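Input: a single structure, listed below in structure tokens.
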Amino acid sequence: MISVAMDGPVGAGKSSVARESAKKLGFIYVDTGALYRGVALYTVRKGVKDTDEDYAQKVEALLPEISVEIKIENGEQHIFLCGEDVSEEIRLPEISMAASGVSPIPAVREFLLELQRDIARKNNVLMDGRDIGTVVLPEAQVKIFITAKPEIRAKRRFEELVNKGVDTTFDQVLNDLNRRDYQDSHRAVSPLKMAEGAVLLDTSELNFEQSVESVVELVKKVL
Ligand code: DC
């Protein structure tokens, strides 16, 4: 099996580039952020807030009740939370923040680890996230760290949200992005960082097709 690990911060074009590259390569695309979002949605529905005292313990206590599954339907990844398709709901900005809250909790990472590895054992995958090359699939044949300048990432994210009809401003998106970047790269467990042996792909000056082309080329070198 071939595994491609793609890590990088929010808005680097990671998921859209990863999805298209996987399609071109005939690999399964796995968006691991969606798994963290699934867990986050469950905790939000249960009224648990990251400002709560004993937040991590409260989240951890909910884990035995949670089932998150990835299913591919018509070539698209869908996320099921306890049997319910929550693929749309997990994209709300409120859930993005909550996902950043649950993802540093070691028990949450442990909970999702085997699920991710199991998919890679059975399929050729292009898996994207924050710690795929460093922790989840350290033996991946190809590791890519995809990034772009913060303002460019915020602009892309803003346009994506506006297109979805979400009411927000560029400044709000940039602030959220900086906050999430900080949280994701400064946490004690599995911080976002370039994996050993990873190739840096900066998409600031690349359009979508060029970014996809770069990824496909990198993978083809090892096929
Ligand atoms: O990529 P995303 O925005 O959907 O990720 C949601 C959150 O989950 C984000 O705060 C980082 C976290 N995450 C993580 O810690 N590890 C991963 N492999 C993927 C996402």
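The values are calculated or read from the model by the stated rules, or taken from the named source; none is laboratory data. Please read these numbers as outputs of a predicted model, since none were measured by experiment. Positions of Cβ are backbone-derived with ideal geometry, glycine not excepted, and every protein chain shown enters the neighbour counts.
Here are the numbers for this structure:
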| quantity | calculated |
| --- | --- |
| Pair list, Cβ < 8 Å and 6+ apart or interchain, from region 171-187 residues that are more than 14 Å from Ala154 (Cβ to Cβ) to residues that are of a type in the set (S, T, N, Q) and surrounded by 16 or more Cβ atoms within 10 Å (Cβ to Cβ) | Gln183/Ser100; Asp184/Ser100; Asp184/Ser103; Arg187/Ser103 |
| Test set (1) outside any loop (DSSP other than H, G, I, E, B); (2) under 28 Å from Ala195 (Cα atoms); (3) touching a residue at least 12 places away in the same chain (Cβ under 8 Å) - Glu110 fails condition number | (3) |
| Qualifying residue in region 136-155 (condition: modelled with pLDDT of 95 or more, within 14 Å of Thr32 (Cβ to Cβ), under 16 Å from the mean Cα position of the chain (by Cα) and within 11 Å of the ligand (Cβ to nearest atom)) | yes |
| Considering residues of region 70-107 that are part of a helix (DSSP H, G or I) and of a type in the set (D, E, K, R) only, the residue surrounded by the fewest Cβ atoms within 10 Å (Cβ to Cβ) | Glu94 |
| Restricting region 1-46 to residues that are more than 10 Å from the ligand (Cβ to nearest atom) and polar (S, T, N, Q), the residue that is farthest from Arg121 (Cα to Cα) | Thr43 |
| Residue match in region 20-34 (condition: in a helix (DSSP H, G or I) and farther than 19 Å from Ser214 by Cβ) | yes |
| Residue count, region 178-202 (criterion: part of a loop (DSSP other than H, G, I, E, B), within 13 Å of the ligand (Cβ to nearest atom) and either of a type in the set (A, V, I, L, M) or exposed (fewer than 13 other Cβ atoms within 10 Å of the Cβ) (or both)) | 4 |
| Asp128 near the ligand (Cβ under 10 Å from one of its atoms), closer than 15 Å to Ala12 by Cβ, not aromatic (Phe, Trp, Tyr) and not in a helix (DSSP H, G or I) | yes |
| Leu161 assigned to a helix (DSSP H, G or I), more than 23 Å from Val4 (Cβ to Cβ) and at pLDDT 95 or above | no |
| Output for region 97-130, where each listed residue is touching a strand residue (DSSP E or B) at 6+ places or on another chain (Cβ under 7 Å) and within 15 Å of Val189 (Cα to Cα) | Gly129, Arg130 |
| Residues of region 167-177 satisfying the condition of being within 20 Å of the chain's Cα centre (by Cα) and either closer than 15 Å to Ile95 by Cα or surrounded by 13 or more Cβ atoms within 10 Å (Cβ to Cβ) (or both) | Val173, Leu174, Asp176, Leu177 |
| Filtered residues of region 35-47 (kept if crowded, with 21+ Cβ neighbours inside 10 Å and more than 13 Å from Met97 (Cα to Cα)) | Leu35, Tyr42 |
| Region 48-68, subset touching a Cys at 6+ places or on another chain (Cβ under 9 Å) and of a type outside the set (Ser, Thr, Tyr), residue surrounded by the most Cβ atoms within 10 Å (Cβ to Cβ) | Val68 |
